[in-house]
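Below: one structure, written as structure tokens.
The values are calculated or read from the model by the stated rules, or taken from the named source; none is laboratory data. Remember, predicted model here, so these are calculated numbers, not experimental data. All Cβ positions, even for glycine, are placed from backbone atoms using ideal geometry, and neighbour counts span all protein chains on display. When the accessible area is computed, the model is the full protein with side chains, heavy atoms only, and any ligands, DNA or RNA have been set aside. Shrake-Rupley method; radii C 1.70, N 1.55, O 1.52, S 1.80 Å.
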Amino acid sequence: MDTSPAALVEAAAGNLPDVDSIVGPLQLRVQYPAAGAVVDAADSSFLFGTTGTGDATLTIDGAPVRVAPNGAWLAWVALPPDTVMRLELVARTPLDSQRVTLELRRPARYRPAVATWIDSSSLAPQGSVEWPSDEFLSLSVRAAPGAEVRLVEGTTVLATFSPDRRLDDVAWGIRAFDRDTQNLARRPAEDRNIASIRGRALADTGVVVEAIRGADTVRVPWRLRLTLLDSLPHAVELADDPAQGGDGITIGRAHPGATYHWFWPAGTRAAAAGRVNGDLRLRLAPGLFAWVPAADVHPVPGPAPRAIVGSVTLTPLADRATLRIPLSDRAPFQIVERERELEITIFGASGDVNWIRYGQDDPLVSRMAWTQLPEGVRLTVLLSRPVWGFRSGWDRGDLLLEIRRPPMIDERNPLAGLLIAVDPGHPPAGASGPTGLSEAEANLGVALRLRELLLDAGARVLMTRTSDSAVDLGARPRLAETAGADLLVSIHNNALPDGVNPFPNNGTSVFYNHPRSIPLAAAVQRALVSQLGLRDLGIGRGDLALVRPTWMPAILTEGLFMMVPEQEAALRSEEGRLRYARGVFQGLRSFLRERAGDR
Ligand SMILES: [Zn+2]
């Protein structure tokens, strides 16, 4: 990549309309970050704002910053190596000058002046933990490098810590969004110590962690109430309560705080195998665990569920084929989607699938099979056409899998009659640009033009919002699903996390979540890149609420970057909004044209 300043400016402007000139009074403003903000970055980060007039010059700590013809500016600045960072901004016009001192902070990290120390906020876990007596529980603490660190109750040493040799990760945003892999250098955390204990309950008073260096000893109480689970796991039922604002789905994660991985409807039952404060650990199968919110769970009497899977029946309906899977207990399950296949694993279950009945000949489902695996029963459904969508849920004790039929598509007029859900992203939340344009306003501007193009092509359009009032994030995909939308596209404009250089990292990208949405994401990405002329950042898989629905292909577009002056200006203009909308429209149309040929 050519990283000369001229090439970077050209890349940021792409085919976008020229920025209008604005000449007015000098009004220097920092739009981001806010004064006093905590900036989590290594040695550099970005700032953006406006001078209010296109004839101004700007310096930050003496280094010149380009000012766009409308007064907007974006800067990549070196951060002073201090916890409190002060940056001096000076803007000048021929007649006037203004100076702003921006104070920012780095995240606080405990670094005492004494030689022997323990960071009491770093003890993990604290609070209340239930753990099987035959499994190790990991403990970690930050303490003075070189100190001997131990866990002590009275005069008994419960555990001796050793230095954690794993490397500290770089900030998540830099890891996810910086193309410059030189930035990803990791350092060992010399002050992090780990230990593990097993088969021992702890009271939440009387246990201390000690750090010893020579004649110096520091002691800190470790508030951890550790209860041992009985050897028999107890059964729980998942019940994310819609009355409490939930959507009836409990989310499972591979470890506490990790990204969403499993989705279980209310009524699913599993064996509990540990708890750390508000996170409950479920045992799905030997060696396979999921973490769910303890608040979504209530105990049920009796032993852990051990489901038997009975004979399976397929029922063809006009718009779907429904697979009914009888289970003796509502066990946790997972559905894996491939291009022309759905695979359902029912964890911990045993198969007694005497019959698999296809019903009358169905053009969509070509073959079904089942097999017994160590983790449970696996049913495989092979389709004659690529997956369009599916839905799963409990119907009394049975697991229902609804497989959606692809819509009828007219190759010459592929949008005609289809229902397209268009979601203008935000509010609440959203990014903003140097002159203060909100992402929500920009997204709506693009989405309204997209609606016109779709209606002209004969499509029906469902908008998740048409005004600037906030619409809850979870309500948006539900609207699309309830209406039976054939496709869902969510319109956004991008931002970067602190510490990522916006000049080589801005451009166009489209996100998807499920395999069926990849060809749609790729088609829209191609058309957007050709309309906008910005850097092609490619498509990406993202765990975003708007691309997670399973009932239709769904994508989320990040066409432009709000913080880049030329791109923010384009999003204020009719021409820029239309070009973005046209890119999405052309992408949707070419995806549908491709699908029309499927047999
Ligand atoms: Zn957004």
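Descriptive notes on the structure:
- Proximal charge balance of residue 188 [Cβ under 14 Å; K/R count +1, D/E count -1]: +1
- Most to least accessible of 543, 472 (protein chains only, probe 1.4 Å): 472, 543
- The stretch 419-596 - accessible surface per residue (Å², probe 1.4 Å): 30 Å²
- FRET E, pair residue 82, residue 37, Förster distance 22 Å, beta-carbon r, rounded to 0.05: 0.90
- Residue-normalised accessible area of the stretch 118-226, given per residue in Å² at a 1.4 Å probe: 55 Å²
- Fully extending the segment from residue 115 to residue 322 would add 67.8 nm, taking 0.36 nm per residue of separation and subtracting the current Cα-Cα distance.
- Apportionment of accessible area to carbon and sulfur, the stretch 532-592, percent (1.4 Å): 46 percent
- Surrounding net charge for residue 502, when Lys and Arg each add one and Asp and Glu each subtract one, Cβ distance under 14 Å: -3
- Furthest towards positive pole of dipole, 64, 298, 193, structure part the chain, Cβ charges: 298
- Listed residues 355, 501, 22: farthest to the positive end of the dipole of the chain (Cβ charges): 355
- Tensor-based shape of the chain (alpha-carbon gyration tensor, a/c under 1.5 rounded, otherwise prolate or oblate): oblate
- Å² per residue, accessible surface of the stretch 234-299 at 1.4 Å: 43 Å²
- Gyration tensor verdict on the stretch 419-596 (Cα atoms; rounded if a/c is under 1.5, prolate if a/b is larger than b/c, oblate otherwise): rounded
- In the context of the full protein assembly, residue 161 retains an accessible surface of approximately 20 Å², using a probe radius of 1.4 Å and ignoring ligands and nucleic acids.
- Carbon plus sulfur fraction of accessible area for the stretch 67-113, probe 1.4 Å, in percent: 50 percent
- All other residues whose Cβ lies under 15 angstrom from that of residue 262 are scored, Lys and Arg at +1 and Asp and Glu at -1, for a net of -2.
- Total charge dipole magnitude, the chain, about the Cα centre, Cβ charges on Lys, Arg, Asp, Glu only, Debye to nearest 20: 880 debye
- Nearest-0.05 FRET efficiency for residue 288 and residue 340, computed from C-beta distance (R0 30 Å): 0.65
- Whole-percent carbon and sulfur share, accessible surface of the stretch 118-226, 1.4 Å: 47 percent
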